[in-house]
1. Suppose we filter the range B:84-107 for residues that are surrounded by 24 or more Cβ atoms within 10 Å (Cβ to Cβ) and either within 14 Å of chain A (Cβ to nearest Cβ) or modelled with pLDDT under 95 (or both); how many remain?
2. Taking residue A:341 as meeting all but one of (1) closer than 19 Å to residue A:423 by Cβ; (2) crowded, with 20+ Cβ neighbours inside 10 Å, write down the number of the exception.
3. Take the conditions within 13 Å of chain A (Cβ to nearest Cβ) and either of a type outside the set (Phe, Trp, Tyr) or in a helix (DSSP H, G or I) (or both) and apply them to residue B:267. Does it pass?
4. Which of the residues spanning the range A:385-429 are farther than 26 Å from residue B:206 by Cβ and out of contact with any strand residue (DSSP E or B) (no Cβ under 7 Å at 6 or more places or on another chain)?
5. How about the range A:388-403: which of its residues are within 31 Å of the chain's Cα centre (by Cα) and either within 11 Å of chain B (Cβ to nearest Cβ) or of a type in the set (Asp, Glu) (or both)?
6. The conditions are (1) in contact with an Asp or Glu (Cβ under 8 Å, 6 or more places away or on another chain); (2) away from chain B (no Cβ under 11 Å); (3) of a type in the set (A, V, I, L, M), and residue A:340 fails exactly one of them. Which is it?
7. Could you list all residues from the range B:238-254 that are out of contact with any strand residue (DSSP E or B) (no Cβ under 7 Å at 6 or more places or on another chain) and of a type outside the set (Lys, Arg)?
8. In the range A:362-387, which residues are in contact with a Gly (Cβ under 6 Å, 6 or more places away or on another chain) and either surrounded by 16 or more Cβ atoms within 10 Å (Cβ to Cβ) or facing chain B (nearest Cβ under 7 Å) (or both)?
Amino acid sequence: MTANLEQDGASDAGFALRHAFRRRWIRILVRGSSFTVAVVLAMQILPWRQTAALLPRLSPFLALCSAIAARSASRAFVLTALPVFLLALARGRWFCATLCPTWVLANTASRLRPGARSRFSSWPRFGQVLAVIGLGGAVGGYPLFLWLDPLSLFNGFFSTLPRPATLAALAPASGLILVLLLSLYRPHVWCMRLCPLGATQDFLGQMGRCVKNRMFPRSARDPADPPPPCPAPVVGRRFFLLAIGGFLAAFAVRRFRSVSPSPCIRPPGAVNENLFVGLCTRCGNCLRACRYRILHFDFGSSGLAGLGTPAIQITPGYCNEWCNDCTQVCPVGAIQPLTLEAKRNVAIGTAVVEKSRCIAWRDGQSCMVCQEFCPYNAIRAVESGGANCPVVDDEMCRGCGACESQCPAFPDKAITVRGIQQRAAKPLAV
Amino acid sequence: MRKMNRRQFLEIAAAGGSLLLLRPFRSTARAVASLDHTTSVWVVHGTDIPRMLETGIERMGGWSSFFTPGQKVTLKPNIAWASTPEQGANTNPTLVGACVAACRAAGCTEPIVCENTCSPSEQAFRMSGIAEAVKKAGGRLYALKDKDYRTTELPKAKILKKADIAADVLDCACLINMPVAKVHGGAGLTISLKNWMGAVKDRGAWHRTGLHQCIADFSTRIKPSLIIVDATRILVTNGPRGPGKLEYPDQLVFGRDPVAVDAYTATLFNKDPFAIPYIKIAHEMGLGCGDLSKVNVKHLHV
């Protein structure tokens, strides 16, 4: 089958390209440079932070699922994913061995134990199952396996680096590490049988071939040729059943609510919570971008559906008023890009004073540190018991947490930020 | 009454004499505090900040009365906030720059400027314009980190018995406190006494245990060689961070007595100095004179 295709395409540029790719040094050069670029982008060491979103945006799997779930697609995403999509229609899995950095790592790990038997061909094509369930889930508004996208896993590894190596900080990196361990245990199984991006490309390739065979039947060109064996139908009964399963699972997953009483504080620009937990690919770009180290991998305070999504934990830093870095790097638009001006005017939470802990309200101490640190003049002083006591102006409060981060009340802070559905705050005076 | 014999007379005379001997010491101590050059406050009016600084220092006795060439000079301006010079939340960068330059001209190789900022230090230093001003003038500006503090006992303090104080503030030949005057939600006003909160590690403890007493306590240990208050523009609402309403007294206030300097500056806000609890406490603890009727305030115009 492949041999046939290659003969057919002998004259086109694709063949020349693939012919060139047979040379080892060209292969090494292409893979090496694309891997290096991937690392540089994921590390966000370039002055243009937005480029961190480029790599995951290449994935047609992410593009399809997130566009369906959000019922919209950003132009940037379509423009980056479309070439990969089209090439997959024509050539199937061309992306993996050319550009995918996770492939480079998994392949290297797979070759470390040449004696290990892969036996991946005896495994069912789990990747396709995952991709189809994910698509079904996307229709239900929660694409289930976006976090298994190899490009997200790759970027997730780098989100850990600037943090102290605690168990929680290592969580986003665990995906790629598991893939590598799996590749050591069962070489090539990840790429060939589990990766949903690879499976999506397989699908697209099959589809492309079907279309090609139907439009240019081989028999019409050379009647002597027997009709090609039609590949298994791409969209069959199994596909539908899995997709419906995914659709139902999207609702089931979101039923496991969190136990914590107050909702998570999401990064500024986050879309509404229900969609956010679905769209987020857990790529960790925003975690890496956060200079103030307040974005953390969420361990279930937003329910099962929100596992691994970014959530703001105030202390010791807060969501700084001169920073919009995390809004610039989201590949799927779960966090919308905000200008600095827009970021300064969005409320991501609201501060609440607990009078029984506040040293001004309770003890009559001169404090007002919350008012002092508030970047938005959202805390007013009222006189009580001979001391100024803080009151939050809910319209002005952006929920940045500057107050909470500095509140001297001990052991529990007297002013804390609760997550809210993000909304525009009252514009700043002056 | 029994007649006193010679021995008794001598005993009483010795005791009384020694009491008399004790008294002069105390009164000398007080006299030192009331000497013109310590309690007087020089107020320089004008808009040309480098010239105002020059004039003020001249009247205070010139740089040579604060340090000799080669000695270490530490400046503690207020660079707490990520806020522009026009907003008045930080010390005027022109003043800091001019002072660093003047110290260098007077023989200090590299004046040190340090601050435990409230906003992230990089932002505060950049937006305040002080990073650029200090660099241009040839000083060294840095943000205080955990390693830069030294735990220090404050034996004369009432509450703040121990504090982690910036080592460069503790060990220098000449310490210049260079606050900006502005209103403060918690403390009422922040001028020179309160400016030291930017030279300690744990500010929260001050708030928890009694802010005003801690502010006064700190000055039992740290006595600056010179105080220069930036009252070129003063934030009168939404302090200490702003943005808020500004007024423009166009003054620099020079002095050695922090209580007197703060008391005078408080009047720029139309406040009675003793209405600010820490000024009152500091006055009562004998850290300086907050009673303006006893302070020699002299005005100059340049």
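1. 3
2. Going through (1) closer than 19 Å to residue A:423 by Cβ; (2) crowded, with 20+ Cβ neighbours inside 10 Å one by one, residue A:341 breaks only (2).
3. No; evaluated as a whole, the condition is false for this residue.
4. Once the filter is applied, which keeps residues that are farther than 26 Å from residue B:206 by Cβ and out of contact with any strand residue (DSSP E or B) (no Cβ under 7 Å at 6 or more places or on another chain), the range A:385-429 yields A:395, A:396, A:421, A:426, A:427, A:428, A:429.
5. A:402
6. Failed condition: (1).
7. So in the range B:238-254, the residues out of contact with any strand residue (DSSP E or B) (no Cβ under 7 Å at 6 or more places or on another chain) come out as B:238, B:241, B:243, B:245.
Of everything in the range B:238-254, those that are out of contact with any strand residue (DSSP E or B) (no Cβ under 7 Å at 6 or more places or on another chain) and of a type outside the set (Lys, Arg) turn out to be B:238, B:243.
8. If we filter the range A:362-387 for residues that are in contact with a Gly (Cβ under 6 Å, 6 or more places away or on another chain), which is where we start, we get A:364, A:366-368, A:371-372, A:381, A:385-387.
Selection gives A:366, A:367, A:368, A:371, A:372, A:381, A:387.
The values are calculated or read from the model by the stated rules, or taken from the named source; none is laboratory data. Every value quoted in this text rests on a predicted model; they were computed, and no experiment measured them. Glycine also receives a Cβ, built like all others from the backbone with ideal geometry; neighbour counts cover every protein chain displayed.
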